[in-house]
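Undergrad: This is the structure I want to talk about, given as structure tokens.
Derivation of every value follows stated rules applied to the coordinates shown; laboratory data play no part. Only a predicted model underlies this, so the values are computations on that prediction, with no experimental measurement involved. Using ideal geometry, Cβ is built from the backbone for each residue, glycine included, and neighbour counts are taken over all protein chains shown.
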Amino acid sequence: MADPVHVTGVGVVSAFGDSRESYRDALLDGWSAIAPCAQFETAGCRSILAARVSGFDPARWIAPMKLRRMDETGPFALVSIQQAMDDARYAVSPAGDDRAGVVLGTYSAGGQATNEYLTALFQGGPTGAPALLFNSTVANAAAGLAGLEFRLRGPNVTITQKEASGLAALATAVDLLRMDRASGIACGGIDAIYDIFFKAHDRFNVMNPDRAFGGGAVPFSRCRRGFVMGEGGFAMWLETGDGWPARGACSYGRILGVGAAGAVGPLNAWPHRAEPLVRTMTLALKDAGLGPRDIDVVYASANATRVLDATEAVALRELFGRASRDGRPIVTTVKGAIGESGASGSAASVAALLCGARGLVPPIAGLADVDPVANGLGLATAATPAPGPNVLVNSFASGGALVSAVLQVGS
């Protein structure tokens, strides 16, 4: 059997600040960071809401000259990974570590730098293009920066599967560790909101049109009207073997199983059939050696879109309907708090570990009027004691990429 994959470190740059504690406490208190976006002009936009990173000064962590060569996802990646490695007490020698790597998931990395670079190029010609930005115009720039900064010379991979990217990165990292391609991996999700990215989504009329946070932006709410874009960096240090106790590190938990599949549907549409979602969750459970009755908590992919929330509700009932007992599983989602992004799957995984360490499940922020489509699900409307350690995390993307993971909280 493959060695267990332990999570021995966690790092967070979120809409609630740049610490694990601020993220965990805000989720447990039921707060939402969704608000009108003030960082760029949204006049004329149908959508104005976003969940932007706050309380984060990258200059506290990264030298100014290095910051000049990064788009916004670079600092999210470097800081969250540094936090995770420090938390795991994982030190790398000056010569580097050939057995440690980086796997990141992202939807937006490289886009802002590409926009700025091409704008300058078209307006000023080759001499006007900012050479310092060129290296950041690709989606894998952040993972490359992290590998160089922390001297991690093992696998260096970037996964881009839209909103499922962060959890797909976790699944990829687990596979690499199981195949003994590495003994330690920094993995997670990063995304940053920038004006062109936001306004392109706005033009397709796919985001929430409300003027302020309310039930329309809350997953599983009766009056939900579409997702709100979020951003941040959420990293985990994964490792196999038994070296972590000797370093004085602790295990937040283990990754027991992962599953990935696809759903056929219209371009960029959310999955509208339950069967592919059930199949993906079942693959993760089978990989973990567990059945539906063994799952205590579900971190759903639901994001306040009409179709995805309804489809996932049906899928969860199909999978757990006959297995439900004693109010299990409890179902929650973090997207009413931090929005939807390519980092949301890793954000949910981090939330499961941090809140689970307190023995709690966070509420779905803002949920008061539950849509009947979610009848039969044990939705968390307040911080609730976790009935057990086994957690299923879902991340289902528009376009059909589907990923699920099974975590066991605690060492």
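Undergrad: What does the helix-only formula give at 222 nm for the chain: each DSSP H stretch with n ≥ 4 adding -39500 (n - 2.57), the total divided by the residues, and the result rounded to the nearest 500 deg cm²/dmol?
TA: So the calculated ellipticity at 222 nm is -9000 deg cm²/dmol.
Undergrad: Now, a different point. For a quick check of your reading of the filter: which trypsin sites (Lys or Arg not before Pro) in the stretch 258-355 sit in a DSSP loop and have no more than 13 other Cβ atoms within 10 Å?
TA: 273, 322
Undergrad: Within the chain, what percent of beta bridges assigned by DSSP are antiparallel, to the nearest 5?
TA: So the antiparallel bridges amount to about 65 percent of the total.
Undergrad: Under the rule of at least 5 residues apart or a separate chain, name every residue whose amide H is placed under 5 Å from the amide H of residue 227.
TA: 208, 305
Undergrad: I've got another one for you. For a quick check, take a GNM of the chain with Cα springs below 10 Å and name the residue from 84, 383, 171 with the largest mean-square fluctuation.
TA: 383
Undergrad: Can I ask one more? Starting from the amide H of residue 163, placed 1.01 Å from N in the peptide plane, find each other amide H under 5 Å away whose residue is 5 or more places distant or on another chain.
TA: 398
Undergrad: Between residue 19 and residue 381, what is the spin-label point distance in nm, taking each point 7 Å from the Cα along the Cα→C-beta axis?
TA: Roughly 3.2 nm, to one decimal.
Undergrad: Between residue 35 and residue 269, what length comes free when the chain is fully extended (0.36 nm per residue of separation minus the Cα-Cα distance, one decimal in nm)?
TA: Contour length minus Cα-Cα distance gives 81.7 nm.
Undergrad: Still on this structure, I have one more. Which translational diffusion coefficient, to the nearest whole µm²/s, is obtained for the chain from the Stokes-Einstein equation, given a Kirkwood hydrodynamic radius over C-alpha pairs, 25 °C and 0.890 mPa s?
TA: Taking Rh from Cα pairs, D becomes 117 µm²/s.
Undergrad: Moving on to the next point. So which trypsin sites (Lys or Arg not before Pro) in the stretch 180-242 end up in coil per DSSP with only 15 or fewer other C-beta atoms within 10 Å?
TA: Counting only loop positions with at most 15 other Cβ atoms within 10 Å, the trypsin sites (Lys or Arg not before Pro) in the stretch 180-242 are 181, 211, 222.
Undergrad: May I ask you to derive the FRET efficiency for residue 195 and residue 293 from their Cβ-Cβ distance with R0 = 45 Å, giving the value to the nearest 0.05?
TA: Efficiency computed from Cβ-Cβ geometry: 0.40.
Undergrad: For the stretch 6-12, what does the Karplus curve 6.51 cos²θ - 1.76 cosθ + 1.60, with θ = phi - 60°, yield as ³J(HN,Hα) per residue in whole Hz, taken in order and with x for Gly and Pro?
TA: 3J(HN,Hα) across the stretch 6-12, in whole Hz: 9, 9, 10, x, 9, x, 9.
Undergrad: Ordered by residue, what ³J(HN,Hα) values in Hz, to whole numbers, does the stretch 241-246 give under the Karplus form 6.51 cos²θ - 1.76 cosθ + 1.60, where θ = phi - 60° and Gly and Pro are x?
TA: So the J values, rounded to whole Hz, are x, 10, x, 5, x, 5.
Undergrad: Would you mind checking which residues have amide H under 5 Å from residue 103's amide H? H placed 1.01 Å from N; only 5 or more apart, or other chain.
TA: For residue 103, the qualifying residues are 157, 186, 187, 188.
Undergrad: So, one more: Tabulate in residue order the Karplus-calculated ³J(HN,Hα) for the stretch 216-230, using 6.51 cos²θ - 1.76 cosθ + 1.60 with θ = phi - 60°, rounded to whole Hz; enter x for Gly and Pro.
TA: x, 10, 9, x, 6, 6, 4, 9, 4, 9, x, 6, 10, 6, x
Undergrad: Pick from 206, 393, 228 the residue whose mean-square fluctuation is largest in a GNM of the chain, springs joining Cα atoms under 10 Å.
TA: Most flexible of the set in this elastic network: 206.
Undergrad: Shifting gears a bit: Within the stretch 19-79, list the trypsin sites (Lys or Arg not before Pro) lying in a DSSP loop whose Cβ has at most 12 other Cβ atoms in a 10 Å radius.
TA: 68
Undergrad: Build a GNM of the chain with springs between Cα atoms under 10 Å: which of 104, 177, 392 gets the top mean-square fluctuation?
TA: Sorting by GNM fluctuation, first place goes to 177.
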